[in-house]
Amino acid sequence: NNVFDMELPKLAAPNVIGTGTTATSEGTFLMTTDKLISVVIKMDWRATVAKHSLLISSPTSSLTSPNVQTLIQHLSDAFYQYASSSSTSHTTDVSIVASLPPSLLEARTNALNVATEHASWLLLSDTTRTNDMKQKLKTHQLFVNFLNHAGLYRKLTSCRCKLMDHGEMVQCCITLLENKCQGLGEDPTNVLSKLCRFQEDTIRLDDADTLGSAIRNVSETICCTLESANKYRKMYMEVLYDVPSQGSSDYVSPWTSSNEMRSLLLTQLRHIAANRVLSSTDSETTKHAVRILGNNLLQGYLEDDGKGENKYEFSKQYHQAKVESISLFQLYLSNQDALNASVQHQYFDGIVQICEEEELIFSDYFRDLLLKNDWKEDLVHGKTFPGFVFSYFCDEGQFANVLDLGLYCKEELQLFLESDPRMHDYRWINDFRQGKFEDGADCLSRICYSAKGMTHTNGASTSAVDIGVLLSLSKLAEIVSEG
């Protein structure tokens, strides 16, 4: 080993009490009585003294924009020091904070978010310490606890979501290994990409003899992965990670709602749909797979933060996922499961079609759906739920249903009657129901004078008898309106 003499700054030299190294350090760090890892020496032992570089991080320096790579190294070093000392003696929060280098204490939130995520990722990918996934999970959770005790976690925002992702990925590896999926559970940083490759390599469409069993095998593997991730998330999202709530500016979509995961799930559902002759609709295994794959696919869109995506294209993809998932719910599960999913994910087509099939259109349940005030406008159809219902029955030529259902949401009905030309000849009925007899009379008069020798917008002709009846109604309405 080479030995070098190096002159330290006067401020740091009197306080040095020891040195140390870690697997992530490029050289040696010095421990002082004031700050731990306050001086980091990076040395190229094959070079001369002239090529040594000395990085000083003293209490008096003000590092408002520290280099992220330096933060990653300092964070990793501080954590390993914490892990080593916590296993042999009791450490207090005060002593942990006192041992941190100023670069971490003074780091801005954005830089600390990036550095923490990368440091956590390094822990997952590090194979020099352990390949045991259960030990990796303990190390990961210890890292999160360290951040909390060091007072750094409160400065983190979006990184909290990423840390929870990392924990879920390690837990998924543990589950996959327990289920004898050796090739899939050995690298937590590649769980999703390995699942995609597994699906591609296992399901061979040109091999009819093994296709059914291959689809079931892949479905079971994906399902156990998703269930493991969801169970871990439910258990730790509050008590350990305290992640930002969905909709907040700091929220980041979970890894299970990524485009790659959604593509994996939709592809698997399509394999099940295209080859349902190979698996009975009564099969509990297939039912379970459809439920888990479909719900997680739709939930993935619901949890997506939508950042950086075209909203219309995203809505189209989401709509297609609803169409394919909920149709399989009807086939393998039940109309009730399909209806519940349709309401949760605002799949208007599914709600109306299932309610019509189950004769629920004029039930209290459907009335309550029309009265809900938290429906979002469907970007694919360009309508709210009441507007979609009116348009649906208009398309079916069931104009009476439009008027009757409109009694539950009068403002939406009025807008629809004014905007859809197919309903112009029926506006007078709604006017009379609302007590607007003068408006109803005017509407009837216009219909009579414009309908002579012509046809309605719905294709029906108006006879002389019809016109006479309408004129009589118009006159009666005028009389009533005049009091």
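Over all Cα atoms in the range 92-199, the spread is summed up by Rg and Dmax: 15.5, 50 Å.
Probing with 1.4 Å while keeping every protein chain in the model, the per residue accessible area of the range 61-210 equals 47 Å².
Distance check, please: which entries in Lys322/Lys372; Lys194/Lys316; Lys311/Lys436; Lys234/Lys376; Lys180/Lys322; Lys162/Lys372 exceed 30 angstrom between their Cα atoms? With Cα atoms farther than 30 Å apart: Lys311/Lys436; Lys180/Lys322; Lys162/Lys372. Ranked by solvent-accessible area (1.4 Å probe, protein heavy atoms only, all chains present), the residues Glu186, Glu324 order from largest to smallest as Glu186, Glu324. Shown in residue order for the range 348-361 are the 3J(HN,Hα) couplings computed by the Karplus curve 6.51 cos²θ - 1.76 cosθ + 1.60 at θ = phi - 60°: 4, 4, x, 4, 5, 5, 5, 5, 5, 5, 8, 6, 10, 4 Hz (x for Gly and Pro). Sorted largest first, the spans of the alpha carbon positions of the range 126-282 along the three principal axes are 58, 38, 24 Å.
3J(HN,Hα) couplings calculated from phi for the range 179-195 with the Karplus curve 6.51 cos²θ - 1.76 cosθ + 1.60 (θ = phi - 60°) are, in sequence order, 9, 6, 9, 4, x, 9, x, 9, 9, x, 7, 10, 4, 5, 5, 5, 5 Hz; Gly and Pro show x. Under the combined filter of DSSP loop state and at most 14 neighbouring Cβ atoms within 10 Å, the range 341-444 retains these trypsin sites (Lys or Arg not before Pro): Lys372, Lys376.
In loop segments of the range 99-163 as defined by DSSP, the trypsin sites (Lys or Arg not before Pro) with at most 15 further C-beta atoms inside 10 Å of their C-beta are Arg108, Arg129. The phi-based Karplus calculation (6.51 cos²θ - 1.76 cosθ + 1.60; θ = phi - 60°) puts the 3J(HN,Hα) values of the range 137-146 at 5, 4, 5, 4, 5, 5, 4, 5, 5, 4 Hz, whole numbers, x for Gly and Pro. For the range 286-337, the set of trypsin sites (Lys or Arg not before Pro) satisfying both a DSSP loop assignment and a count of at most 13 other C-beta atoms within 10 Å is given as Lys307. Computed from the alpha carbon positions, the gyration tensor of the range 193-295 leads to an equivalent ellipsoid with semi-axes of 31, 14, 11 Å, biggest first. Per the Debye formula on identical point scatterers at the alpha carbon atoms of the range 144-195, with no solvent, log10 I(q)/I(0) at q = 0.12, 0.14, 0.15, 0.21 Å⁻¹ is -0.36, -0.46, -0.50, -0.73. For the range 300-380, the solvent-accessible area with a 1.4 angstrom probe is 51 square angstrom per residue. In this structure, the amide hydrogen of Lys383, modeled 1.01 Å from its nitrogen in the peptide plane, lies closer than 5 angstrom to those of Asp378, counting only residues at least 5 positions away or on a different chain. With the convex hull drawn over the C-alpha atoms of the range 280-421, the volume per residue is 120 Å³.
The values are calculated or read from the model by the stated rules, or taken from the named source; none is laboratory data. Source: prediction; values computed, not measured. As a convention, Cβ positions derive from the backbone with ideal geometry for all residues, glycine included, and neighbour counts pool all protein chains shown. Heavy atoms of the whole protein, side chains included, go into the accessibility calculation; ligands, DNA and RNA do not. Shrake-Rupley method; radii C 1.70, N 1.55, O 1.52, S 1.80 Å.
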